[in-house]
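For reference, the structure discussed in these notes is given below.
Just so it is clear, none of the values below were taken in a lab; they were calculated from the coordinates. Computed from a prediction, not measured in an experiment: that's the story for all the values here. Please note: Cβ atoms are built from the backbone with ideal geometry, for glycine as well, and neighbour counts cover all protein chains shown.
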Amino acid sequence: MRKGLLAGLLVLIAAAPWIVKSGYVFHIATMIALTIPLALSINLTLKLDQLSLAQPAFMGIGAYTAALLTMRLGVSPSLAVLAGGLLAVVISAVFGPIFLRIKGVYFVLLTYAFGQIVNLVFQEWTSLFGGNNGLYGIPRFSIFSHSFGETEYYILGLAVAALFFFVMYAIERSDVGAIFQALNEDEMFCRSIGSNAQSWRVAAFIMSAFMAGIAGALYAFYIGFISPDSFGFGATIDLIVINVIGGPGSVFGPIIGTIVVVPLLEFLREMRQYQFLVYGFCLVFFIMFFRQGLVSIFERKREVV
Amino acid sequence: MSTMLEVKGLVKRFGGLTASSNVTFAVDHREIFGIIGPNGAGKTTLFNVIAGHYRPTAGSILLEGRKISGNSSDQIGRQGVARTFQAVHLFHEESVAENLRRAAMISSCHNPVAYFSQRGEKVSAKVESVSQFLGVAHLLETKAGGLPYGHQKVLGIGMALMTSPRLLLMDEPVAGLNPSEKRAAGTLIRRLRDELGLTILLVEHDMPLVMSTCDRILVIKQGTPLTIGTPAHVQSDTSVIDAYLGEDYEFA
């Protein structure tokens with residue numbers, strides 16, 4: 001892995017808003033930073049060979065929790081962000097053990113159904129969640145009554161993205177990564193030597209929900225307005241495309257994918273109808289010709305044995 | 001000698017198909033116990049039920065007097081029962097030493113809580129002793145995927161040994177090996193018992209190996225036990241010869 005090159009590139013991209021002094025670039029960079037934990041969260045479930053379509057639901061749970069706590073109960077935003085992440089943890093800890101009894105396409109369908117049900121709750125429980133109109137007037141993020149400006153919020157987003165990235169990187173490089181790999185390759189073997197495969201899957205699922213919940217809460221404070229639409233199936237597709245384009249095999253993949261796809265989404269905002277056309281072409285191209293994703297550009301070719 | 005494993009009235013049905021019916025046997029400590037039978041006799045099913053991959057329909061399995069039937073395979077794995085597979089699982093990209101270390105690590109870090117509470121456990125001494133026992137100490141730095149098949153199978157046994165089992169279930173350990181590798185495997189299986197004190201349950205098609213290695217043998221046919229006894233007893237049992245080995249079969 002040409003890590004030096006990649007790391008330099010990532011730092012450069014993170015610094016772009018200060019190099020290109022433009023509000024638009026700042027906005028896109030913030031959106032990238034806030035999307036990275038989500039892309040990583042779905043990547044974590046992929047590491048255990050399970051595609052979860054529930055991640056935007058956990059994002060929504062985090063977002064609505066944080067927004068409602070600050071708006072209705074006056075909880076400070078930093079605590080509300082944590083609470084958003086924690087509620088996602090609690091809900092995933094309840095449903096994870098049930099969902100993860102099932103593998104493959106049925107797990108995908110279960111998480112899809114879960115996402116739809118959560119979204120329906122946001123839509124239909126209008127007195128609490130504001131229905132399809134959503135919640136607006138979410139206050140700006142602040143710590144000790146110091147309100148965060150754009151720059152500060154971007155730095156916060158970057159810090160959270162970097163934190164989750166390093167956690168995921170540590171997982172990939174440590175024995176946990178080896179355990180995940182072994183569970184994917186041969187669960188029967190792992191269980192025969194005593195490994196409780198289910199407990200590892202549940203832990204990963206909870207961790208992925210935590211990342212999504214935190215990202216959702218930060219998103220709510222950044223945009224100032226949330227509606228069920230932001231946490232629906234479309235968001236799931238975005239995250240899958242990000243992982244496919246970036247490359248799901250490495251923890252750098254979702255980062256690169258986010259950096260490519262989020263700006264693309266912003267540029268396509270005016271022509272939403274073409275978005276899925278572009279997605280379709282990208283998915284076909286990458287799955288057929290570029291299975292390892294863009295991250296493989298930075299990987300040294302394996303020696304041929 | 002006391003009993004290591006006791007299987008009592010075991011029945012396993014898949015829908016209408018009875019894969020094991022009323023199987024009863026006991027394996028003593030430090031015994032090498034073979035299970036033979038024609039293809040489809042239910043040997044592997046029996047194995048998988050003992051290892052906890054399947055739940056028995058009826059009957060019970062006791063490990064040193066404690067009931068293990070109904071436990072999941074990882075619970076049984078943590079109670080000192082290890083198994084080897086026909087298709088060896090290896091980390092092909094990693095060295096032999098790393099494969100052995102990972103087997104111990106996956107076993108001791110069996111859930112996330114254990115992972116965080118058992119960090120820093122030293123397994124390098126164990127890697128050393130297991131590799132020496134198996135005669136692969138000179139291959140420790142070799143990539144596992146590049147090993148010849150015979151060595152890969154030995155490494156598979158090594159990974160099971162890293163979990164310090166009391167009972168080792170071996171599923172066709174010599175399938176696919178050449179004659180000299182088969183003889184070496186037979187010696188190794190006896191050394192597992194003689195030097196490490198393991199109890200071994202062996203499913204194998206290779207008759208010369210089974211007859212020369214096992215203390216006692218259970219013969220099953222269509223899920224039903226035909227007979228249990230020493231190799232000499234089994235070889236002279238006419239019902240076994242008729243039903244399984246065929247009239248023209250000659251023991252090597």
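Show the residues, 5+ positions off or on another chain, whose built amide H is closer than 5 Å to the amide H of B:G59.
Those lying under 5 Å, H to H, from B:G59 are B:V11.
What are the extents of the Cα atoms of the stretch A:2-298 along their three principal axes, listed from largest to smallest and rounded to whole Å?
So the three principal-axis extents are 54, 43, 40 Å.
What is the calculated FRET efficiency for A:F166 to B:T227, with r their C-beta to C-beta distance and R₀ = 60 Å, to the nearest 0.05? All intermediate terms of the calculation are to be shown ahead of the outcome.
On the way: r = 62 Å, r/R0 = 1.04.
The value I calculate is 0.45.
Would you please classify the overall shape of chain B from the alpha carbon gyration tensor, given that a ≥ b ≥ c denote the square roots of the eigenvalues, rounded means a/c under 1.5, and beyond that prolate means a/b larger than b/c while oblate covers the rest?
Cα axes put chain B in the oblate bin.
Longest exposed-loop-site-free stretch of chain B, with chymotrypsin sites (Phe, Trp or Tyr not before Pro), DSSP loop and at most 16 other Cβ within 10 Å?
Working: sites that count: B:Y249, B:F251.
Formally, the longest exposed-site-free interval is B:1-248.
List the GluC sites (Glu not before Pro) in the stretch B:138-208 that DSSP assigns to loop (not H, G, I, E or B) and whose Cβ has at most 11 other Cβ atoms within 10 Å. Which are they?
Of the GluC sites (Glu not before Pro), the ones in loops of the stretch B:138-208 whose Cβ has at most 11 other Cβ atoms within 10 Å are B:E141.
Enumerate the helices in chain A for which the Kyte-Doolittle hydropathy averages 0.5 or more and the C-alpha atoms extend at least 18 Å along the helix's axis, using complete DSSP H runs. Can you show the working numbers first?
On the way: long enough: A:3-19 (23 Å, 1.89); A:23-47 (36 Å, 1.38); A:55-73 (26 Å, 0.87); A:77-99 (32 Å, 2.08); A:105-124 (28 Å, 1.26); A:150-173 (34 Å, 1.10); A:197-223 (39 Å, 1.27); A:233-246 (20 Å, 1.88); A:252-267 (23 Å, 1.94); A:272-289 (26 Å, 1.36).
Helix filter hits for chain A: A:3-19, A:23-47, A:55-73, A:77-99, A:105-124, A:150-173, A:197-223, A:233-246, A:252-267, A:272-289.
Treat the count of other C-beta atoms within 10 Å as a stand-in for reagent exposure and order B:R166, B:R55 from fewest to most.
The fewest-first ordering by Cβ neighbours comes to B:R55, B:R166.
Give me P(r) over the stretch A:88-167, computed from all C-alpha to C-alpha distances, binned every 10 Å, as integer percentages.
Calculated over all Cα pairs of the stretch A:88-167, the distribution is 14, 24, 33, 25, 4 percent.
Quick check: net charge around A:Q198, other residues with Cβ under 9 Å of its Cβ, Lys/Arg +1 and Asp/Glu -1?
So the surrounding residues net to +1.
Could you give the length gained by full extension between B:A26 and B:F14, i.e. 0.36 nm per residue of separation minus their alpha carbon distance, to one decimal place?
My answer for the length gained is 1.9 nm.
Taking every pair of alpha-carbon atoms in the stretch A:192-305, what share in percent sits in each 5 Å bin, from 0 to the bin with the longest distance?
All Cα pairs considered, the percentages come to 2, 10, 14, 19, 17, 15, 12, 6, 3, 1, 1, 0.
For the pair A:M71 and A:V20, how long in nm is the line joining their label points, each one 7 Å along Cα→Cβ?
Placing both labels 7 Å along Cα→Cβ, they lie 3.3 nm apart.
Got the relative contact order for chain B handy, in percent, Cα pairs under 8 Å and 6 or more residues apart?
Dividing the mean separation by the residue count of chain B yields 27 percent.
Efficiency by 1/(1 + (r/R0)^6): what FRET value for A:V278 and A:E124, r their Cβ-Cβ distance, R0 = 41 Å, to the nearest 0.05? Each step should come with its number before you reach the end.
Numbers: r = 32 Å, r/R0 = 0.79.
After rounding, the FRET efficiency stands at 0.80.
What is the order of B:L167, A:L79, fewest Cβ neighbours within 10 Å to most?
Details: B:L167 23, A:L79 13.
Going from least to most buried by this count: A:L79, B:L167.
Mind sorting A:S208, A:S127 by how few other Cβ atoms lie within 10 Å of their own Cβ, fewest first?
A:S127, A:S208
Using R₀ = 30 Å, calculate the FRET efficiency as 1/(1 + (r/R₀)^6) where r is the Cβ-Cβ separation of A:A7 and A:F290; round to 0.05.
0.85
Which of the aspartates and glutamates could be linked to B:K122 by a straight reach, that is with a Cα gap under 16 Å, when you skip same-chain ones fewer than 8 residues away?
Partners within reach: A:D175, B:E98.
Taking a spot 7 Å from the Cα of A:S174 along the direction of its beta carbon, which residues of the stretch B:99-129 have an amide N less than 17 Å from it?
Counting only backbone N, you get B:102, B:105-122.
Name the trypsin sites (Lys or Arg not before Pro) in the stretch A:1-95 that are in a loop by DSSP and that have at most 15 other C-beta atoms within 10 Å, would you?
Here the trypsin sites (Lys or Arg not before Pro) that fit, given the DSSP loop and packing criteria, are A:R2, A:K21.
Counting only Cα atoms, I'd like the Rg/Rh figure for the protein assembly as shown, Kirkwood definition for Rh.
1.08
Counting only C-alpha contacts under 8 Å and six or more residues apart, can you give the relative contact order of chain A as a whole percent?
32
Just A:E152, A:E124, A:E270 to compare: in a GNM of chain A, with alpha carbon springs under 10 Å, which one fluctuates most?
Judging by the Gaussian network model, the answer is A:E270.
Indicate the gyration tensor shape class of the stretch A:1-138 (rounded, prolate or oblate), computed on the Cα atoms with a ≥ b ≥ c the square roots of the eigenvalues: a/c under 1.5 is rounded; otherwise a/b larger than b/c is prolate and the rest oblate.
Here the stretch A:1-138 falls in the oblate category.
Rounded, prolate or oblate for the stretch B:58-178? Axes are the square roots of the Cα gyration tensor eigenvalues, ordered a ≥ b ≥ c, and the cut-off for rounded is a/c under 1.5.
oblate
At a threshold of 8 angstrom on Cα-Cα distance, excluding pairs fewer than six apart, so keeping six or more, what relative contact order does the stretch B:10-61 reach in percent?
About 46 percent, as a whole number.
Would you please put B:210-217, B:65-72 in order of how densely packed they are, using the mean number of other Cβ atoms within 10 angstrom per residue and starting with the highest?
Order by mean packing, descending: B:210-217, B:65-72.
Give, as a single signed number, the net charge of other residues whose beta carbon lies under 11 Å from the beta carbon of B:L188, with Lys and Arg counted +1 and Asp and Glu -1.
Spelling it out: positives minus negatives among the neighbours equals +3.
Between B:Y149 and A:L268, what is the label-point separation in nm under the 7 Å Cα-to-beta-carbon projection?
4.9
Give me a single rounded figure for B:71-78: the average over its residues of other chain Cβ atoms within 10 Å of their Cβ.
Taking all residues of B:71-78 together, the mean is 5.
What range in chain A is the longest one free of chymotrypsin sites (Phe, Trp or Tyr not before Pro) that are in a loop by DSSP and have at most 14 other Cβ atoms within 10 angstrom?
The reported range is A:145-305.
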